[in-house]
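Peer 1: What follows is a single structure, and I will ask about it in a moment.
The values are calculated or read from the model by the stated rules, or taken from the named source; none is laboratory data. This structure is a prediction, so every number in the text was calculated from the model and none was measured. So basically every Cβ, Gly included, is an ideal-geometry build from the backbone, and we count neighbours across all protein chains shown. Surface areas here come from the heavy atoms of the whole protein model, side chains and all, with no ligands, DNA or RNA. Shrake-Rupley method; radii C 1.70, N 1.55, O 1.52, S 1.80 Å.
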Amino acid sequence: MSFTLIRLLNKKPHKKHEIVQEIPEELDEDKISEQIESKEKILIIGSGIMGINSAYFLAKDGRYDVTVIEKDNPIKGATEQNGNALTFILYPAWTTMSIKQVMKDIVTFNSTPTCYFRLSLLFDKHFRFWAWKYLKCRDKECVEKSNSAMIKLGATSYNLFDDFIKDCTDNNPDVVEYHPEILTTIYKGLTKDAIEGKKELVKFFQNYVPDTQVVSPEKYDADFVYQIPIRCLNSARFVDYMKLRLSDKYGVTFIQGEVKAITCTETHVKAVEYADRMARVKKLKNFDKYIICAGTESINIGEMMGLKVPIMGFKGHSLNIFVKDRDIIDGTHIHMPETICVSRVGYNTTGMVRVTGFADVDGNNLNPIPWRKDMLTKLAKKFVSEEDYDESKANHWVGLRPVTADDVPLIGKSSKFSNLFWNTGHGSRGVIQSIASALVLHSVISDSDCPEGLAAKDYDPKRFDI
Ligand SMILES: Cc1cc2nc3c(=O)[nH]c(=O)nc-3n(C[C@H](O)[C@H](O)[C@H](O)COP(=O)(O)OP(=O)(O)OC[C@H]3O[C@@H](n4cnc5c(N)ncnc54)[C@H](O)[C@@H]3O)c2cc1C
């Protein structure tokens, strides 16, 4: 009751006794109860960056009573330890990946494939389902559509990020380690023609980010190097911070529990069953709307409702290392062709540097791929010097990028259940795309306009009949 009152009155008290004092005397309590009752009750499953930002825009709207259920505290999904780089760079969709090259790498046992594929997955039913749809999304028209939809989502988010973080943190971005950075991309092993191609790419980026520039490759012992301004956000810290903020300021309720079953009629989701921290089974019902923000695990949630979700986890590894020399890195670096990102996550507070990389189709599991782990460690040692590398402090992590068959996220209303919504499947760009995605979702739920330049139909889950 107390938090709901706060939202109705649009005040910001943090303690219960303050709330009581702030209710104006003339307010009719029955009327307030009526208004509270009239609020739509929304349940969000998953509190990674997508669940949190969806909760933020819905709760801020004032017409919704938002509850979030999450199984892990602290979070362990892709939001926990990604590269944390918010870039404007227009990465192509995964549907442009060269299958020929992937197959060649398998046949030749290439030790550094760009994308490793575990052949035994061909026996996996879910992989075959995803792959069939993925193959259908590789024609020119579909790829162009995917790239355009993703670029728009990323660009809209990127332009909103500074103000969004200011708003969320009361103008104190340091609490979530948000700061501007320079991203240096270092290419080795390029042919002369490929270098010319990269120069053209930089010119293209300059149309969007004028400060993008080619820099001398000698310093990096490389063939070609360019720099582009980006932003960095510690997304795990952001999620932790926002959980407190959302409950304090907007009355969002957080439940720790793992969704185990979902009850549906032909047309509606009726209830969600979950196991709490003590493994007790509980039920959540009487919600008006349900939103799935469960990353790669949206596949399992879909199965609970008889829906096949075309998402595959692209496995990435990360390694947190602690550096003594604070001048060791001058920003975020991407090393090509390995596509390994070295970023200063936690650098200012703990002296920690994060090395992340790889996108392997190895199944929807969190088992580390040992030789990928070794590759990261080798690079990290090169970077901080063999003597300074402290294995006992290094922290290895594995995460799954939720990649849809066309590499465009699923945002909007289900085609099967009228009170079910999705905000998932953001692949390699979830952190950067999270603001615009949450705004698109909000526009669909509240039947209002999308942010300028975006069209909700581009992300509509109905294209996959879910
Ligand atoms: C190595 C790596 C590097 C990356 N680098 C970047 C980058 O630099 N920039 C960028 O923009 N993106 C990056 N990404 C992608 C980004 O991390 C993801 O797209 C994004 O974090 C996805 O967020 P999400 O909220 O959809 O999923 P998640 O973070 O996975 O959150 C889903 C949540 O749902 C919860 N959940 C699942 N099932 C249940 C259940 N049954 N009951 C209750 N809760 C449940 C999970 O516990 C989890 O917390 C990277 C990803 C990886 C793996």
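Peer 1: Tally up the carbon and sulfur contribution to the accessible surface of the chain as a whole percent, 1.4 Å probe, everything protein left in place.
Peer 2: 52 percent
Peer 1: Here is a further query. Please report the spacing between the Cα centers of the stretch 222-252 and the stretch 279-303 in Å, no decimals.
Peer 2: 25 Å
Peer 1: State, to one decimal in nm, how far the label point of residue 123 lies from the label point of residue 194, with both points 7 Å from Cα in the Cβ direction.
Peer 2: Label at residue 123, label at residue 194, 3.6 nm between them.
Peer 1: Pulled fully out, how much extra length does the chain show between residue 175 and residue 373, if you take 0.36 nm times their separation in residues and subtract their Cα-Cα distance?
Peer 2: 68.2 nm
Peer 1: Local charge sum around residue 446 (other residues, Cβ-Cβ under 15 Å, Lys/Arg +1, Asp/Glu -1)?
Peer 2: Residues close to residue 446 contribute a combined charge of 0.
Peer 1: Once you list every other residue whose beta carbon is under 13 Å from the beta carbon of residue 73, what net charge do they have if Lys and Arg are +1 and Asp and Glu are -1?
Peer 2: Counting the neighbours of residue 73, the net charge comes to -2.
Peer 1: Right, another one. Calculate how steeply helix 29-38 sits against the longest principal axis of the alpha-carbon atoms of the chain, using the helix alpha-carbon long axis, and give the answer as 0 to 90 degrees to the nearest 10.
Peer 2: In the chain, helix 29-38 runs at an angle near 40 degrees to the longest axis.
Peer 1: Antiparallel versus total DSSP beta bridges in the chain: what percent is that, nearest 5?
Peer 2: Taking every DSSP beta bridge within the chain, about 70 percent pair in antiparallel fashion.
Peer 1: According to the square roots a ≥ b ≥ c of the eigenvalues of the Cα gyration tensor, what is the shape class of the stretch 125-228, taking rounded for a/c under 1.5, prolate for a/b larger than b/c otherwise, and oblate for the remainder?
Peer 2: oblate
Peer 1: Averaged per residue, what accessible area in Å² does the chain show with a 1.4 Å probe, protein chains only?
Peer 2: 48 Å²
Peer 1: Okay, next question. Could you report the accessible area of residue 120 in Å², rounded to 10, computed with a 1.4 Å probe on the protein chains as they sit in the structure?
Peer 2: Counting only protein heavy atoms, residue 120 exposes about 50 Å² to solvent.
Peer 1: Determine how large the accessible area of residue 391 is when every protein chain is in place; take a 1.4 Å probe and give Å² rounded to the nearest 10.
Peer 2: Counting only protein heavy atoms, the figure is 100 Å².
Peer 1: At 7 Å along the Cα-to-beta-carbon direction for both residue 267 and residue 96, put a label point, then send me their distance in nm to one decimal.
Peer 2: 4.3 nm
Peer 1: Say each of residue 106 and residue 72 gets a label point 7 Å from the Cα, pointing the same way as Cα to Cβ; how far apart are those two points in nm?
Peer 2: 2.8 nm
Peer 1: Among 132, 94, 422, 371, what's the order by accessible area (1.4 angstrom probe), most exposed first?
Peer 2: Ranked list, largest accessible area first: 132, 371, 94, 422.
Peer 1: Ratio of the chain's C-alpha Rg to 2.2 N^0.38 Å, to two decimals?
Peer 2: 1.01
Peer 1: Another one. Set the bar at 31 Å for Cα to Cα. Now go through 125/198; 249/413; 76/199; 125/243; 100/145; 285/457 and name every pair that lies beyond it.
Peer 2: 125/198; 76/199; 125/243
Peer 1: Using a 1.4 angstrom probe on the protein heavy atoms only, could you order 304, 278, 50 from most to least accessible area?
Peer 2: 278, 304, 50
Peer 1: Run the numbers for residue 258 and residue 162: contour at 0.36 nm per residue of separation, minus the present Cα-Cα distance, in nm.
Peer 2: Between residue 258 and residue 162, full extension yields 31.2 nm more.
Peer 1: Continuing with the same structure: Give me the angle, in degrees from 0 to 90, between the Cα long axis of helix 49-61 and the longest principal axis of the Cα atoms of the chain, rounded to the nearest 10.
Peer 2: The angle comes out at about 40 degrees.
Peer 1: With a 1.4 Å probe and all protein chains kept in place, how much accessible area does residue 241 have, in Å² rounded to the nearest 10?
Peer 2: Its heavy atoms expose roughly 60 Å² to the probe.
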